[in-house]
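Input: a single structure, listed below in C-alpha cells.
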Amino acid sequence: MVNIRKLSRVVLRRRSPLKFVYCDAYWMVDIGNHVFPLMKYRLIYEKLLSWGVKKGNFVEPQLALDDDILRVHSPRYLKKLKAGKLSHAEMLALELPYSPGLLQFTKLHVGGTIIAAEEAMEKGMAAHLGGGFHHAFSDHGEGFCVFNDMAVAIEKLKHLGVIQRAMVVDCDVHQGNGTASIFSKKEYVFTFSIHQMDIYPAQKPESTLDIGLWSGEGDGEYLKALKSHFPRLYEEFQPDVVFYLAGADPYEKDQLGGLRLTLEGLKERDKIVIESARMLKIPTVILLAGGYAIDVADTVAIHLNTIKVAQDIHRKHPLSITKRKS
C-alpha cells in the first residue's frame, strides 16, 4: 500500500498504468433479489482481464478503520451497525437487508476508495470498481448507502495533510444528498451534483452547486450544462484532488432514472469531467457509483466505457513530473 504520509513529497510518474481497486467480496454479500446488481463488479473485473489488464494492476482493498469512519460518521451510528440494531425506519431508509456481511461490504468499499485516493495522489488517476455511496449521511444510511466512502477518504487525506481542498463531481442520476449534508459547512470541499430533479431523494440538501435536470432531457441539455461548468470550476476552486462519481444510471434504459442519456452521451460526459481534470494536472479518483439498467450488461458496458475513457486520457496525456505541495 502507498505510504499516505509521504504523498505530499511524491513525484508524479510518467505513463504509470491505471490502477484498479477491486475484490470478490464486492459481489458475494447476500442482499436477496434486489435492483442493485452486485454482480456488475465481478463482470467488470472479468472484462478488464479479458482486455489484457494484468492482475498486478488490481489493488485489493482493506476494511476501513473505525478511526477513519468516525471522522465522518457518528459513534452512535457505527455502534448500532456493529450491533445490528438499526430501527425499522432506518432499515426502510437504507433499502438493503442488514447483515454482518453488508457491514463488511460497505467497510471494504470505504477502504477501497481510500486506496484509490492514495493511488491517484501518487500516480494522477485511479479507478475504484465500486464506491460512490453518496446517500449516506453522518448519522444514518439511505438509498443503498451505509457509509459515505468519498467523505471518509477526503477527511483522511485532509487529516494527514495530503490535501487542502477537494472536489466531488457527482454525475449519478440521483442527487448526492448525504455528501451535500456532510460537507455543507466545510469550505474546503466543493460538492457538484448534476442530477434528475423529479426522482429520489425527495429532500435535496444544497450542494455547493446543484444542476437539476428533468425527466427526458437527454444528451443535449445534460452535456450543455456540464460543459458550461467544466473546466471552469476546476480552475476557480483549484482542488488538490477530484472524486468523480461516474454513475451509469443517467442511461436511457435505467430502471431508477429518466434522463435518457445515450451510451455516446455518457462517454462524452466522462471525457469532459476526466480530461478537464487531467489537463489541469488534478489527481482524479474515479468511482463507479450507481447503475440499474434493465439488462445488467448495459450497466457493465457503461462502466467499462468510463474506464476506457479514463485509460485513453491517462495514456494520451501523461503527467508532467511535478511535485505535490509540501
Single match in K85, K19, K80 (criterion: surrounded by 15 or more Cβ atoms within 10 Å (Cβ to Cβ), more than 28 Å from H317 (Cβ to Cβ), modelled with pLDDT of 95 or more and among the basic types (K, R)): K80
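Could you check how many residues of the stretch 285-305 are in a loop (DSSP other than H, G, I, E, B) and surrounded by 24 or more Cβ atoms within 10 Å (Cβ to Cβ)? Reasoning before the result, please.
Step one: filter the stretch 285-305 for residues in a loop (DSSP other than H, G, I, E, B), giving 288-292, 294-295.
When the remaining residues are screened for being surrounded by 24 or more Cβ atoms within 10 Å (Cβ to Cβ), the result is 288-291.
Summing the residues that are in a loop (DSSP other than H, G, I, E, B) and surrounded by 24 or more Cβ atoms within 10 Å (Cβ to Cβ) in the stretch 285-305 gives 4.
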Residue match in the stretch 232-244 (condition: closer than 21 Å to H73 by Cα and among the basic types (K, R)): no
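Among the basic types (K, R) and free of Cβ contacts under 8 Å to residues at least 60 places away in the same chain: is that true of K158 in this structure?
Working: among the basic types (K, R): yes; free of Cβ contacts under 8 Å to residues at least 60 places away in the same chain: yes.
Here the answer is yes, as K158 does meet what is asked.
So that you can scan it fast, the table gives a plain yes or no per residue for (1) crowded, with 18+ Cβ neighbours inside 10 Å; (2) under 17 Å from M150 (Cβ atoms); (3) modelled with pLDDT of 95 or more:
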| site | (1), (2), (3) |
| --- | --- |
| I182 | yes, yes, yes |
| K186 | no, yes, yes |
| F190 | yes, yes, yes |
| S193 | yes, yes, yes |
| Q196 | yes, no, yes |
| S207 | yes, yes, yes |
| W214 | no, no, yes |
| E221 | no, no, yes |
| K224 | no, no, yes |
A127 vs. criteria buried (at least 23 other Cβ atoms within 10 Å of the Cβ) and in contact with a Lys or Arg (Cβ under 9 Å, 6 or more places away or on another chain): yes
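Within the stretch 145-174, which residues are among the hydrophobic types (A, V, I, L, M, F, W, C) and closer than 20 Å to F237 by Cβ?
Once the filter is applied, which keeps residues that are among the hydrophobic types (A, V, I, L, M, F, W, C) and closer than 20 Å to F237 by Cβ, the stretch 145-174 yields M150, A151, A153, I154, L157, V162, I163, A166, M167, V168, V169, C171.
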Cβ-Cβ under 9 Å pairs, at least 6 apart or on other chains, the stretch 246-274 side under 15 Å from V35 (Cα atoms), far side among the small types (G, A, S) and surrounded by fewer than 18 Cβ atoms within 10 Å (Cβ to Cβ): G257/S215
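How many residues does the stretch 157-176 contain that are of a type in the set (A, V, I, L, M) and touching a Gly at 6+ places or on another chain (Cβ under 6 Å)?
Residues of the stretch 157-176 that are of a type in the set (A, V, I, L, M), as a first pass: 157, 160, 162-163, 166-169, 173.
Okay, now just the ones that are also touching a Gly at 6+ places or on another chain (Cβ under 6 Å), so 173.
Selection size over the stretch 157-176: 1.
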Wholly within the stretch 30-128, helices (runs of 4 or more DSSP H) carrying at least 2 residues that are without any contact (Cβ under 8 Å) to a residue 40 or more places away in the chain and touching a Pro at 6+ places or on another chain (Cβ under 8 Å): none
Conditions (1) surrounded by fewer than 24 Cβ atoms within 10 Å (Cβ to Cβ); (2) small (G, A, S); (3) in contact with a strand residue (DSSP E or B) (Cβ under 6 Å, 6 or more places away or on another chain); number of the one not met by A136: (1)
Options E206, E221: the member that is assigned to a helix (DSSP H, G or I) and either touching a strand residue (DSSP E or B) at 6+ places or on another chain (Cβ under 7 Å) or acidic (D, E) (or both): E221
Subset of the stretch 134-161 [outside any helix (DSSP H, G or I) and either of a type in the set (K, R) or modelled with pLDDT under 95 (or both)]: none
Flag for R278 being at pLDDT below 95, not in a loop (DSSP other than H, G, I, E, B) and not aliphatic (A, V, I, L, M): no
Scan of the stretch 123-144 for residues that are among the aromatic types (F, W, Y) and more than 28 Å from K47 (Cα to Cα), ordered by number: F137
Where R269 falls short, out of the listed (1) out of contact with any strand residue (DSSP E or B) (no Cβ under 9 Å at 6 or more places or on another chain); (2) modelled with pLDDT of 95 or more; (3) in a helix (DSSP H, G or I): (1)
Residues that are out of contact with any helix residue (DSSP H, G or I) (no Cβ under 9 Å at 6 or more places or on another chain) and part of a loop (DSSP other than H, G, I, E, B), drawn from the stretch 171-185: D172, V173, H174, Q175, S184, K185
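Report yes if V168 is within 15 Å of H73 (Cα to Cα) and in contact with a helix residue (DSSP H, G or I) (Cβ under 9 Å, 6 or more places away or on another chain), otherwise no.
Numbers: within 15 Å of H73 (Cα to Cα): no; in contact with a helix residue (DSSP H, G or I) (Cβ under 9 Å, 6 or more places away or on another chain): yes.
Considered against the rule, which asks whether it is within 15 Å of H73 (Cα to Cα) and in contact with a helix residue (DSSP H, G or I) (Cβ under 9 Å, 6 or more places away or on another chain), V168 comes out as no.
Which one is farthest from R278 (Cα to Cα), of the residues in the stretch 18-42 that are of a type in the set (A, V, I, L, M) and in contact with a Leu (Cβ under 9 Å, 6 or more places away or on another chain)?
Initially, the stretch 18-42 is screened for residues of a type in the set (A, V, I, L, M), giving 18, 21, 25, 28-29, 31, 35, 38-39.
From what is left, the residues that are in contact with a Leu (Cβ under 9 Å, 6 or more places away or on another chain) are 21, 25, 28-29, 31, 35.
On the way: V21: 20, A25: 31, M28: 34, V29: 35, I31: 37, V35: 34 Å.
Filtering first and then ranking leaves I31.
The values are calculated or read from the model by the stated rules, or taken from the named source; none is laboratory data. If you're wondering where the values come from, they're calculated on a predicted model, not measured in any experiment. Note: ideal-geometry Cβ built from the backbone for every residue, glycine included; neighbour counts use all protein chains shown.
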